[in-house]
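Q: Pasting a structure below so you can have a look.
What follows draws every value from the coordinates through simple rules; no lab data is involved. Note that this is a predicted model, so its numbers are computed, not measured. Please note: Cβ atoms are built from the backbone with ideal geometry, for glycine as well, and neighbour counts cover all protein chains shown.
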Amino acid sequence: MMSNDPGSSSSRSTSASAPAQPPAQLSRYESQKRRDWNTFGQYLRNQRPPVALSQCNYSHVLDFMRYLDQFGKTKVHAQGCVFFGHPDPAGPCTCPLRQAWGSLDALVGRLRAAYEENGGTPEANPFANGAIRVYLREVRDAQAKARGIPYKKKKKRRKPNDDSSSSNLHDQVQTSAGL
Ligand SMILES: [Zn+2]
């Protein structure tokens, strides 16, 4: 009988090999949210002067979204461009690439959640500010016009967790900006 043997470590060693950590596999959404949050924190620290998270307000969020445009891959034709209003692929032109509206919208949703998960209060959440919604709506409408794609609500199919449009944001930021 060895059941009372104090030196028995067989059960101990199995639990020791599984240290107390969150589940090893985060969902795609969770890991993307974490990377978004890190990217945003890096962005704030890179400001001159650096912006503390407690000082962060909606204008920093707006600046952050405009900053991300340089890594965008969505052609948004200017009003003077011959391709304005035509769905892509249209042809070569000098209009800028930007973040697609859907990418920004999904990004803001993730960062809004991350802000509160990292100790921020809902009242102070800069991602929940009305100015962000207004900006996103403007981007959506401008991109719809520029590309000739009406962003109408589709009623027949609902995909509540579809964040596929944002999948490349981080790769773009990290490879292009070296963050
Ligand atoms: Zn163009």
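Q: In Å and from the alpha-carbon atoms only, list the Rg and Dmax of the range 39-82.
A: Cα only, the range 39-82: 13.9, 45 Å (Rg, Dmax).
Q: Considering only the other residues whose Cβ falls under 14 Å of the Cβ of G41, what net charge follows from Lys and Arg at +1 and Asp and Glu at -1?
A: +3
Q: So who's got an amide H within less than 5 Å of the one on K75, skipping anything under 5 residues away but keeping other chains? H placed 1.01 Å off N, in plane.
A: Here the answer is R98, since their amide H atoms fall under 5 Å of that of K75.
Q: Ranked highest first by average number of other Cβ atoms within 10 Å, how do 73-84, 106-117 line up?
A: Going by the mean number of other Cβ atoms within 10 Å, highest first, we get 106-117, 73-84.
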